[in-house]
Structures are given as C-alpha cells and as structure tokens.
Amino acid sequence: MRILSGIQPSGQLHIGNYFGMMRPMIASMATNELYAFIVDFHALTSVHDRERLAAGTMEAAIDFLALGLDPERCIFWVQSDVPEVTELTWILSTVTPMGLLERCHSYKDKTAKGIAPSHGLFAYPVLMAADILLYQAERVPVGKDQKQHLEVARDIAIKFNHTFGETFVLPEPVIDADLATVPGIDGQKMSKSYGNTIPIFAGEKELKKQVMAIVTDSTPVDQPKDPDQCNLYNIFKLFAPAERLAAVHELYVNGGAMYGKIKLELLEILWEYFRQARERREQLRSDPGQVREILRQGAVKARAKATPTLELARQRVGLRY
Ligand code: ADP
Ligand code: TRP
C-alpha cells in the first residue's frame, strides 16, 4: 500500500501530532511504501518569518527522524524541494469548484483565529490535494480535523479523472478511531494554535508545567469519577502500561483517584516514553549537515516519483503541443 502524509513545520510538535499522525506513519513503514514530508509551502500560509519557517522545517525533520522515521525505508523530504507540486496545484485548481473550497472549515477557523485571509490560505486544500495526487497515494493517515481536506482531494481527483480521463488514484483517509483526537490540557482538541499542548520534546520544566496544568474537576478524592470525562485520564491512557491503566481506572470508578499523584506519574511515564527519541534528537541537532543530506536525497527520490505523474497530467489537459 502506498501511504503518504505531511506535517507542517509551524511549531513545536505535540503528542496530538504524535498519536494522530506521526506514530501511525512510522509504524506503517514496516509493511508499506511510505511517503512522509514536511509541508513548508503550507506553513507559508501562516508563517511569514523567514527564520521561523526555515528553523521549523529543520526541527520538524529532526523530530521525525528522532521518533523513528527511517529514511532508508521510506521517502522523506521537504515539500518545496519538489516544486512540481505547485504546477500540479495550478492544474488542479482549474477544475476545483469554488463551492468545494468555500465549504472547508479550516479556512474559516484559521481566519477566525487571526491568520490573514490570503489566497494561499483559501487554496490550501488544493495544494494538499496536489501533494497527495502527485504521488498517487492510496492511504493518507491524518487526524480527524483533516478529513474534510481528504474529501476535497478525492473530489478533485474524481473531477479531473472525469474531465480528462483516468489519471489519479483516489486516496482514502486513515483515521484511527481510538486516537482520532488527542485532548489538550484544557480538554479541547490539542493544537498548537490553542496553546494547550504537551510538546513531545519539552524540557523537564516545561513538561512539568504543562502536565500540572491539565484541567481536572473538583470532585472530592473519595468520590467516584467518570474516567472517560477526565482530560487527565484521557492523556494518561495514551502512555500508561495496560496494568497501570487498569489500576488507575479502578481508582476513578471506585473513588480514590488523586489528580496530583496521577499527574506526577504521567510526568514520569512521559519522560521515559520519549527518552530514546530525545537522545537521538540531540545527536541529529548537533549534525544539521547530515539532516540536510537526508532531506536532499529524499527529494531526489520524491521527484523521481512525481515527474511521471505531472507529465501525465500535463498531457491529459493539453499542456503538451
Ligand atoms: P495543530 O492542530 O497543532 O496545528 P496540525 O494541524 O499541524 O496540528 O496537525 C498535524 C497533524 O497532526 C495532522 O495530521 C493532524 O490531524 C494531527 N493532529 C493535530 N492535532 C491532533 C490531535 N489533537 N489529535 C490527533 N491528531 C492531531
Ligand atoms: N494539511 C495538513 C495539516 O495541517 C498537512 C498536509 C499537507 C498533509 N499536505 C498533506 C497531510 C498531504 C496529509 C497529506 O496537518
């Protein structure tokens, strides 16, 4: 199966990104053909700070590699290193109905949050469709919030194929039902734009601050509580070993769950959970040349896959004379 997914380099990666997208991708490497990339063209719709974008791209690449992405067993690159995607974006945009984009929540959500309403931000789903269709991806693992963008990509592919003849594979989203949305420390969806994240590679102090700030209710300790309604439990269950989780579940149901203690335990488990990745990350950070070389080689491989699809699309629409 050909699996593809991209991640924006626009902030510190958090455990929502990890469970929603990075972990399933990394796991898929073993038995699938994996395409993983850092979407810097997409980030440019919200980041207008050269240093931040460039540094964010390197950071995201390093984080992915540290978390276990193996560039020998997948194609891993930076979106803008294969600029063919922008040409396909243009071609696709000419068959994309305005109504399709007007219905997208993410544009409205982002502008409501203060991101400038640019054409790029509006056309963002078309670029994402081009990302997916250029590599003829069959499966795209994403969090629930990206489902609509996947539907747009499919609709565009259907429209194109219908208008110009079979060209693109129709992609399917892969959304892990259990992990569809990781809650933030305030119980909303964890998102860097809400400032409610637990960053994967936070330092000890920051990690402690975020974990201790997980919002809990004021039910007395000895009263029973519904674990599924508790942010702390919902985050704890992502990391805790099964036995420990069962014991904590008991405490919730029968009374006796002490939030402060569970937070301290979560902190310890979290720190251990990412220990190896943290060490690998330090190594990679000390050798940016090596990381750039990995990305450069990834782009060569990605381009070799992209070029024939783009050529076919050009022929199909008549951009060959
Ligand atoms: P953010 O919401 O922090 O800006 P992005 O939109 O950059 O994160 O998401 C990157 C990837 O991580 C996407 O595939 C997205 O669906 C996934 N993701 C982000 N937040 C979560 C979450 N809280 N739970 C599950 N998956 C998430
Ligand atoms: N829009 C996605 C996000 O914000 C990132 C993305 C861009 C993507 N291109 C993609 C994800 C292609 C999957 C496939 O998370």
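The values are calculated or read from the model by the stated rules, or taken from the named source; none is laboratory data. Bear in mind the structure is a predicted one, so any value in this text is a computation, not a measurement. As a convention, Cβ positions derive from the backbone with ideal geometry for all residues, glycine included, and neighbour counts pool all protein chains shown.
Per-structure values
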read-out	value
Qualifying residue in the stretch 23-30 (condition: over 26 Å from Ile235 (Cβ atoms) and touching a helix residue (DSSP H, G or I) at 6+ places or on another chain (Cβ under 6 Å))	no
Answer residue from the stretch 274-321, given it is in contact (Cβ under 8 Å) with a residue 24 or more places away in the chain and assigned to a loop (DSSP other than H, G, I, E, B) and is surrounded by the most Cβ atoms within 10 Å (Cβ to Cβ) among those	Phe274
Those residues of the stretch 190-201 which are at pLDDT 95 or above and assigned to a loop (DSSP other than H, G, I, E, B), in sequence order	Asn196, Thr197, Ile198, Ile200, Phe201
Checklist (1) surrounded by fewer than 17 Cβ atoms within 10 Å (Cβ to Cβ); (2) of a type outside the set (A, V, I, L, M); (3) in contact with a helix residue (DSSP H, G or I) (Cβ under 8 Å, 6 or more places away or on another chain) applied to Lys159, failing item	(3)
Index of the failed condition, Lys225 passing every other in (1) over 25 Å from Gly195 (Cβ atoms); (2) surrounded by fewer than 16 Cβ atoms within 10 Å (Cβ to Cβ)	(2)
